[in-house]
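Reading through the structure tokens given below for one structure.
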Amino acid sequence: MYTKGSVFIGMDIGSVSANTVVVDEHRNIIEEHYTRTKGQPLETALSVLTELMGRYPMESIRAVAVTGSGGKTVAPLIGASFTNEVIVQTKAIEHFHPEVRTIIEMGGEDAKLILISSDGGSNKRIRIEDFQMNSVCAAGTGSFLDQQAIRMELTIEEFGALALKSKNPPRIAGRCSVFAKSDMIHLQQVATPDYDIVAGLCYAVARNFKATIGKGKEFLPPISFQGGVAANLGVRKAFKDILVSNDSELIIPTHFASMGALGTVFTAIDKGKGIECFKGLEGLAEYIRSGRIKEKGLEQLPQPHGDPSQGGGAREYLFPENGRVRAYLGLDVGSTSTNVVLIDEDMKLITKRYLPTAGRPIEAVRKGLSEVAEECGSKVEVIGVGSTGSGRYLTGDFVGADLIRNEITAQATAAAKIDPYVDTIFEIGGQDSKYIALKDGVVVDFEMNKVCAAGTGSFLEEQAERIGISIKGEFSKLALECPAPVPMGERCTVFIESDMVHHQQKGAGKDELVAGLSYSIVQTYLNRVVGDRRIGNNIFFQGGTAANSGVVAAFEKVTGKRITVPENHDVTGAIGVAILAMKEKDPAKPTSFKGFDLSKKSYELSSFECV
């Protein structure tokens with residue numbers, strides 16, 4: 001228990017994290033904490049403050065001061081003072097580095113540029129000359145970098161350190177997170193090293209900040225880089241290279257992540273705001289218990305007719321006692337997943353692998369082939385190979401494919417084999433989505449999403465990760481149990497994410513968020529991909545996202561039609577291209593397949609003719 005005197009608590013409650021400091025009467029920092037909110041900013045604030053009150057008795061807390069997007073809600077509930085984010089960032093830099101003339105602050109969902117000047121007096125007071133904040137777009141913020149780190153299976157710390165290895169970072173779009181992802185996918189498919197891609201992203205963030213938030217303003221040194229993103233070594237280097245002539249002109253404050261919390265508590269001390277006004281945590285706890293103020297929600301999602309989890313693993317294949325099975329290999333290499341299957345001459349599935357591409361398509365293919373070989377390589381004779389997906393040319397050349405086909409043809413071929421009467425295919429993968437119309441097993445119309453990633457699986461995974469739930473199982477369970485999903489519309493992923501933050505700050509629960517996301521991804525897909533095209537009555541839902549019962553239920557609710565999730569829906573592209581290899585390859589010619597063991601083979605792209 002603290003007994004040395006009065007303390008002041010400062011808290012910056014943002015969309016991604018809550019940063020908390022405890023200072024004494026002389027502004028010495030006693031404690032400093034960084035806590036991820038995981039979609040529950042109010043609960044996080046209550047938890048952190050409850051823990052602090054276990055160490056500091058009520059009578060020792062002179063004041064609590066808050067800021068950030070969640071601060072306005074919390075302040076009146078606990079008797080805290082509130083100061084806006086621009087003022088608190090400036091107040092903190094005035095205390096630690098009064099020589100600074102430009103502040104760059106980058107957090108989870110927002111970014112700020114603050115231009116300041118000194119009053120010239122001996123008290124070292126500074127004033128705000130101009131400031132600019134980002135709009136609703138999240139490009140150039142911490143959440144964007146977090147998402148890309150997750151996609152590449154890196155921690156955010158590894159992400160920043162890896163960037164320093166790059167000597168020639170490639171140019172990646174920084175004006176929008178969706179366009180940046182498209183550039184990343186292209187670079188990954190041509191085997192660009194991870195460290196170059198990571199560095200390219202860091203420079204894209206820095207350039208985007210200068211162009212869209214700076215908007216021609218002069219970045220006078222010294223420049224302070226603060227906020228959570230300042231922990232990223234790659235972004236630090238990018239800002240140094242782009243904005244300053246020498247390293248000493250860019251300052252990273254010791255407490256860069258807590259500058260908002262420090263600034264709000266220093267403001268309270270200087271102006272006497274909220275002194276002796278802290279009234280404890282019961283008001284905040286009651287607000288959370290009561291369910292806050294609810295907006296009118298959407299209708300509850302129905303239990304879907306089909307079982308999206310069916311066919312989650314390959315059925316056991318019975319090999320003959322003597323001889324090897326003649327088999328066809330299918331590979332579907334996408335931006336998010338790499339799928340490897342073997343089928344026999346009766347088009348029965350022998351085995352399958354569903355692996356994360358993780359920005360390394362060649363390594364994913366090697367791993368898939370190695371696992372398949374270990375399971376049944378000695379029991380099969382591969383007599384044909386097909387390749388599809390966004391990485392089909394790279395993969396086809398690497399493994400020695402006999403033919404390469406686009407994803408539309410592959411998905412349609414697999415669906416028609418499962419059910420010759422299927423007339424509509426909804427296919428949603430990690431980074432792209434497709435609509436396919438069939439008649440008598442023949443493709444008569446199709447459409448794919450453009451550059452926007454709204455309505456794809458990777459967006460759902462990113463949001464599930466952000467609010468701290470598993471995309472497998474937990475997401476669907478919460479979505480189907482929610483009585484009133486929150487509306488999020490069918491706009492760009494960045495705007496939908498902003499809607500999520502809005503609902504979180506108003507106290508929406510995780511179930512309301514994921515159910516709303518299920519509706520949103522379906523509305524986005526139907527409006528942006530399908531448009532006014534015909535939707536038949538025998539609808540297949542394919543791709544990895546079809547495993548999500550919440551999305552299946554939303555499709556049935558919005559279309560008013562039954563949706564079928566076929567067995568092995570996650571690898572239908574690979575199955576389809578394996579069937580095409582069987583049908584189209586000249587049986588008189590030997591396969592070009594280079595074998596299962598490609599672990600020791602280096603890769604160089606050669607010319608490869610395809611039709």
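Annotations
- Condition check for Phe459: closer than 13 Å to Ile521 by Cβ, outside any strand (DSSP E or B) and either in contact (Cβ under 8 Å) with a residue 12 or more places away in the chain or of a type in the set (S, T, N, Q) (or both): yes
- Residue count for the range 226-269 satisfying the condition of being in contact (Cβ under 8 Å) with a residue 40 or more places away in the chain, under 30 Å from Val74 (Cβ atoms) and assigned to a helix (DSSP H, G or I): 18.
- Just one of the listed residues (Glu427, Glu447, Glu462) is out of contact with any Gly (no Cβ under 9 Å at 6 or more places or on another chain) and charged (D, E, K, R), and it is Glu462.
- Any chance Asp270 is within 33 Å of the chain's Cα centre (by Cα), among the acidic types (Asp, Glu) and open to solvent by 30 Å² or more (accessible area, probe 1.4 Å): no
- If the condition is being of a type in the set (Val, Ile, Thr) and either open to solvent by 10 Å² or more (accessible area, probe 1.4 Å) or out of contact with any Pro (no Cβ under 8 Å at 6 or more places or on another chain) (or both), then the range 195-209 contributes Val198, Val205.
- Qualifying positions in the range 546-590 - over 29 Å from Val382 (Cβ atoms), part of a helix (DSSP H, G or I) and either under 24 Å from the mean Cα position of the chain (by Cα) or of a type in the set (A, V, I, L, M, F, W, C) (or both): Ser549, Gly550, Val551, Val552, Ala553, Ala554, Phe555, Val558
Residue-by-condition table, conditions (1) open to solvent by less than 10 Å² (accessible area, probe 1.4 Å); (2) among the aliphatic types (A, V, I, L, M); (3) touching a helix residue (DSSP H, G or I) at 6+ places or on another chain (Cβ under 9 Å):
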| residue | (1), (2), (3) |
| --- | --- |
| Glu25 | no, no, yes |
| Glu32 | no, no, yes |
| Ala63 | yes, yes, yes |
| Ala80 | no, yes, yes |
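- Selection of the range 422-446 for residues being open to solvent by 40 Å² or more (accessible area, probe 1.4 Å) and either of a type in the set (S, T, N, Q) or outside any loop (DSSP other than H, G, I, E, B) (or both) yields Lys439, Val442, Val443, Val444, Asp445, Phe446.
- Residues in the range 389-421 that are assigned to a loop (DSSP other than H, G, I, E, B) and of a type outside the set (Gly, Ala, Ser): Asp402, Arg405, Asn406, Asp419, Pro420, Tyr421.
- Residue list for the range 384-414, restricted to those being in contact with a helix residue (DSSP H, G or I) (Cβ under 7 Å, 6 or more places away or on another chain), open to solvent by less than 20 Å² (accessible area, probe 1.4 Å) and within 25 Å of Asp183 (Cα to Cα): Ser387, Thr388, Gly389, Gly391, Leu394, Thr395, Phe398, Val399, Ile404, Ala410, Gln411
- Hey, Ile288 under 18 Å from Ile87 (Cβ atoms) and part of a helix (DSSP H, G or I) or not: no
The values are calculated or read from the model by the stated rules, or taken from the named source; none is laboratory data. Since we're looking at a predicted model, the values are computed, not measured. Quick reminder, even Gly has a Cβ in these numbers, built from the backbone with ideal geometry, and neighbours come from all protein chains shown. In case anyone asks, the SASA skips ligands and DNA or RNA and just uses the protein heavy atoms, side chains included. Shrake-Rupley method; radii C 1.70, N 1.55, O 1.52, S 1.80 Å.
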